[in-house]
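Accompanying notes for the structure given below.
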């Protein structure tokens, strides 16, 4: 099962959760302060799935950084 990132629509908190692909969005699991400063409660707000930041590196030869796109009109492949 993949790890998805979610953002709460109530408290703007972000969290990650392992869920099935077609399962509904979970409720917010972040703790929020209450009137009593020593007590925290769970937000339980609605969430939306957000796009995670990823790093994608093309390794090996024949990619754009290695001159994969030639503009001199010669067919190399």
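Miscellaneous remarks
- Fully extending the segment from residue 48 to residue 20, taken as 0.36 nm per residue of separation minus the present Cα-Cα distance, adds 8.6 nm.
- This ranking places 38, 20 by how few other beta-carbon atoms lie within 10 Å of each, fewest first, which gives 38, 20.
- Sorted fewest first by neighbouring Cβ atoms within 10 angstrom, 55, 14 come out as 55, 14.
- Put in order of Cβ neighbour count within 10 Å, fewest first, the listed residues 34, 27, 54 become 54, 34, 27.
No value in this document is a laboratory result; all are computed from the given coordinates. In this text the structure is predicted, and so the values were computed from the model without any measurement. Note: ideal-geometry Cβ built from the backbone for every residue, glycine included; neighbour counts use all protein chains shown.
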